[in-house]
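Notes follow once the structure below has been shown.
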Amino acid sequence: MAFPDEAPVAQLAGSIAEARDQIARVTRDSPSLKNYPAKVLVGAYAAGRRIAELEPGLNRLPPECPWSVDELLRHDFWPESGRR
């Protein structure tokens, strides 16, 4: 699944990396929250998609998240955008 437009992804890369770091830190420091990202993925994706649809170039995201939690939390994962 490709991201609709690479430019918005590049602009958000810092925020994405920071969010991944925060999730990794919280789940490492609180083992009881290890499964929390998987529990909230559907709702978080839907909320994020609604916000992203307001941005140019991000209004064609799939209705359901096509990526796994493991993919989304990997620092080298950028959906077919060419970023690595």
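The values are calculated or read from the model by the stated rules, or taken from the named source; none is laboratory data. Values in this document were obtained by computation on a predicted structure and should not be read as measured data. Cβ: placed from backbone, ideal geometry, glycine included. Neighbour counts: every protein chain shown.
Annotations for the structure displayed:
- Selection status of Arg74, of a type in the set (D, E, K, R), modelled with pLDDT of 85 or more and under 21 Å from Asp21 (Cα atoms): yes
- Restricting attention to the stretch 28-51, the residues being surrounded by 11 or more Cβ atoms within 10 Å (Cβ to Cβ) and either in contact (Cβ under 8 Å) with a residue 24 or more places away in the chain or more than 14 Å from the chain's Cα centre (by Cα) (or both) number 8.
- Restricting the stretch 19-58 to residues that are at pLDDT 95 or above and acidic (Asp, Glu) leaves a set whose member that is farthest from His75 (Cα to Cα) is Asp29.
- The residues of the stretch 28-80 that are part of a loop (DSSP other than H, G, I, E, B) and among the small types (Gly, Ala, Ser), listed by number, are Ser30, Gly57, Ser68.
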